[in-house]
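Below: the structure, in structure tokens.
Where a number appears in this text, it was derived from the coordinates with a stated rule and is not lab data. Worth saying up front: this structure is predicted, and the values here are computed from it rather than measured. All Cβ positions, even for glycine, are placed from backbone atoms using ideal geometry, and neighbour counts span all protein chains on display.
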Amino acid sequence: MSDLGRLEDLPKQYVQDLRDLNLVPLWPSLRAVLPPKVPTRQTQPTHWAYSTLKPLLLQAGELTPIEKAERRVLVLANPGHGLENMKASPAMYLGMQLLLPNEWAPSHRHTPNAVRMIVEGEGAYTTVNGEKCPMSRGDLILTPTGLWHEHGHDGTDPVVWLDVLDLPLVYYMEASYHINGDRQTIVPGRGDVQNVRAGVAPTRMFERTSKAYPMLRYPWADTRAALLALAADEPGQECVQVTYINPETGGDAENILGFYALMLRPGQSLRLPARSPAQVFHVIEGQVEAAIADKTFSMVEADTCCAPGYEAVTLRNLRADQPSFVFIADESPLHRKLGVYENRG
Ligand code: GTQ
């Protein structure tokens, strides 16, 4: 393969003539945008320890009243993308949000899709299009594109959750904006109560419209029980993992990012194949070592890390006598929809 011509090889005046007409020669940049065999990835394996982050988040609670923040969040930014770009990966944004007792994060809706994984504290809730979703540790709450959401807190201790948004992608598409709204009126009907799995879903015969997102809250108690049941029923199965789905369609819970809960058996080491989408790992329970490219992170409860696409990841349960549980977010739905999804084994 011959080396391609460089920009410096061209007469300066020629390059300037092109520029004046908003033209650029391809060949000096061709290898950069189409590198051989493996994409260039800015996403660096990065670990955010909750123990180091939490005091700074609580400090934000003292420094900035909720009225001055709207959402009191420390963003988990990947240095490979430039911290100011607030990306964990090309399509994923991560934030740790703090809500103190009696605080109120007012209602808004926006084009990016969001989910929240509750890290710590009881008594807070998110209202999504009128449905009040209580927040308990390990619960997953969806706020899909366009749905109104606000956060309140009737408890006595700080509540912290992990926000996962497809904001970087939607922003890149020049499609990111928000609208502020009035405080929502709570309406009856809870998706997590109506959609009790067991292989059945509510029949929609008489309703004019069924909600696009029938399930907004995925209680951890149920997800954990599903994983334990799966592990017990399939003792030989290596990857004990469930996907958070839309119970009405059976498809992914949201359109762009995918969400999963993984159980590692006591002492288990699990190699996840090299696939094209970037991934985020968050320890719900236990202790997990994550080996990603040339980095190895030792993670405890509430820690979070990310991995670039096209890298195998090995997760090891550091507890020999108990399972560990990991929440995973990835860019698979996006890659599949775009037709660029790959599993390289
Ligand atoms: O809770 O609505 O981390 O709108 C970033 C943007 C959280 C939220 C974030 C948001 C929210």
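Couple of notes before you dig in:
- Qualifying residue in region 218-235 (condition: in contact with an Asp or Glu (Cβ under 6 Å, 6 or more places away or on another chain), among the charged types (D, E, K, R) and outside any loop (DSSP other than H, G, I, E, B)): no
- For region 273-301, a residue qualifies if it is buried (at least 20 other Cβ atoms within 10 Å of the Cβ) and among the aliphatic types (A, V, I, L, M), and the qualifying residues are 278, 280, 283, 284, 288, 290, 292, 299.
- Residue match in region 85-101 (condition: more than 21 Å from the chain's Cα centre (by Cα) and of a type in the set (A, V, I, L, M)): yes
- Looking only at residues in region 108-129 that are within 13 Å of the ligand (Cβ to nearest atom) and part of a loop (DSSP other than H, G, I, E, B), the one that is nearest to residue 157 (Cα to Cα) is 113.
- The criterion of being within 12 Å of the ligand (Cβ to nearest atom) and touching a residue at least 24 places away in the same chain (Cβ under 8 Å) does not hold for residue 156.
- Among all positions in region 153-176, there is at least one residue which is over 23 Å from residue 212 (Cα atoms), β-branched (Val, Ile, Thr) and touching a Lys or Arg at 6+ places or on another chain (Cβ under 9 Å).
- Candidates are the residues of region 159-175 that are part of a loop (DSSP other than H, G, I, E, B) and over 20 Å from residue 96 (Cα atoms); the one that is nearest to the ligand (Cβ to nearest atom) is 175.
- Candidate set: region 46-101, residues that are of a type in the set (D, E, K, R) and within 14 Å of the ligand (Cβ to nearest atom); chosen: the one surrounded by the most Cβ atoms within 10 Å (Cβ to Cβ): 87
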